[in-house]
1. Tell me, please, whether a residue that is under 18 Å from the mean Cα position of the chain (by Cα), under 20 Å from Asp308 (Cβ atoms) and within 16 Å of the ligand (Cβ to nearest atom) can be found in region 361-381.
2. Every residue in region 1-13 that is away from the ligand (no atom under 16 Å from the Cβ) and either surrounded by 23 or more Cβ atoms within 10 Å (Cβ to Cβ) or modelled with pLDDT under 95 (or both), please.
3. Name the residue, out of Ala108, Ala114, that is farther than 18 Å from Val13 by Cβ, outside the structural domain of Gly386 (by TED's automatic domain parsing) and without any contact (Cβ under 8 Å) to a residue 40 or more places away in the chain.
4. Return a yes/no flag: does region 111-124 have any residue that is within 16 Å of the ligand (Cβ to nearest atom) and farther than 18 Å from Ile52 by Cα.
5. If you check Ala55, Ala80, which single one turns out to be surrounded by fewer than 19 Cβ atoms within 10 Å (Cβ to Cβ), modelled with pLDDT of 95 or more and either outside the structural domain of Ala131 (by TED's automatic domain parsing) or closer than 28 Å to Thr380 by Cα (or both)?
6. Pick from Thr456, Thr438: which is within 16 Å of the ligand (Cβ to nearest atom) and polar (S, T, N, Q)?
7. What number of residues within region 245-285 satisfy the criterion of being closer than 25 Å to Leu10 by Cα and touching a Ser or Thr at 6+ places or on another chain (Cβ under 7 Å)?
Amino acid sequence: MRLGIAEFSLESVTFLPETTGVDVFEEGALRGQDVIAGNRGANTAPGGFIDICEAEGVSMQGIVAVGAGAAAAASEEALARYSEEIVAGLDGLDGLLIHLHGALATPANRKADAHVLAAIRAAAGPDFPVACAMDLHGNLGPEVVEAANVVTGYHSSPHVDMAETGRRAARILLAAMQGRVRPVMALAKPGIMLPSIFTATALRPLADIKRQAAAWQAREKALLDVSVFCGFAYADTPDTGMSVVAVADGDEALARRAADDLAEQCSLNRFRLLKRELVHSIGEGLEKAAAVEGGPVCLLESADRMNDSSWTLRELLARDMGPAYAPFFFDPEAAAACVAAGAGARLRLAFGGKSSEKAGGPIETEVEVLEAGEKRFRITGPLKTGTEISLGPSALIRAGRVLVSLVSANYSAIDLDCFSQFGLSPQDFRYILLRSKTHFREVYEPLCSAIVILDTPDWGPADLTLLPYEHVPPETFPLGGASAEGT
Ligand SMILES: [Zn+2]
């Protein structure tokens, strides 16, 4: 038996101008046996596929693995190219284990994950076994569960269970191929969109809903998996929002009951899922942060999808509130200028706020370059542990009491690599300015004395009614229908 391993993942922020092209996907692309070597032992979905195949003595063929994190919608060319490459790689295989994020979209195709799976199904035929491990932030439509035999998503956000999700997908698919189970699926959509910052699975009532999902599985032995997807509200698609997928062994009615019950729980809790009280304006949030006693305060500019919003950083510089650090601030142009100037240089720099008209515009100020050069390392944090990343030309700069690490890759700081890579320690700072949504919580919740969420005008606001949706059904909460409190 020989299984294909593939990944094509993007969390598409469709409101951003431009598209994520083949050039961006190719930066970390793996092919052939490098897909296996690059993911073996890593906490990634393909890493989990590999664990199970190796434990079961199943041989593997790496096809292609490309991923670009959260960024602008994929280009049409990228969707066509990687769909074709995956399909072309199926020859001679007995089945496929694939990781798709679930929020892949192009300007013209708002159901792009389904497009990839449908292309696989069309080429390989109705009997070809396909398991798809997805991100908890996937926006699932019926076409996804129709085209795959097994669909399962990360159960946790922060996604500390990426490899476990890959292992689950592979275990169920192999059991099906050996005739031990017959997976059938049901999808239920409660019609709810959530800002990413409120999708941390430790937050109630989401934590309660996750517990109910686990209780369904504990009670019903024929349930092979129940995944509660939170969706990705910054991708404007007909499927945007929460989804529940239940996978049962042969019992479609059971899968339907479990999925519908959990979707109903989401619907009943929709106002509590949307934690408006946790979000502050910049001024209000900085005042709240200043009043916090003790160690570092995490300022979370969660509306920023490109790691370059200048709104809060500009205000931190103007207010001179204390030692602050803004890690992994994305500006290839400014990073290159600092690398050219070299460590020790002082220069006038215009950095950040360039990704769209909502990103705040560049900050112009005198800076000192403390360190400059290429940055490439293996992740030591709890997510994607062991994966190599390249931030390209990078620089640590100082402006007043604020330190900024400028990088050339759009990559969110979620663990302590953003400190250690520049010889820094979180204890050196009063404020740490992050742009992660939930993943930072695994490391920063225990570390920081408070997390203050600031809602800035960028393309990922907590108030979803500010976004110009065109494809999301208008009745989706909180846009319309039963969105008024008390209904
Ligand atoms: Zn996610």
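The values are calculated or read from the model by the stated rules, or taken from the named source; none is laboratory data. Just so it is clear, the model here is predicted, and its values are computed rather than measured. When we count neighbours, we look across all protein chains shown, and the Cβ atoms used for this are built from the backbone with ideal geometry, even at glycine.
1. Within region 361-381, none of the residues are under 18 Å from the mean Cα position of the chain (by Cα), under 20 Å from Asp308 (Cβ atoms) and within 16 Å of the ligand (Cβ to nearest atom).
2. Met1, Leu3, Gly4, Ile5, Ala6
3. Ala114
4. yes
5. Result of the check over Ala55, Ala80: Ala55.
6. Answer to the selection: Thr438.
7. Of the residues in that region, 2 qualify.
Residues checked against (1) assigned to a strand (DSSP E or B); (2) crowded, with 23+ Cβ neighbours inside 10 Å:
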site: Ser405; (1), (2): yes, yes
site: Ser412; (1), (2): no, no
site: Asp415; (1), (2): no, no
site: His439; (1), (2): no, yes
site: Pro468; (1), (2): no, no
site: Glu475; (1), (2): no, no
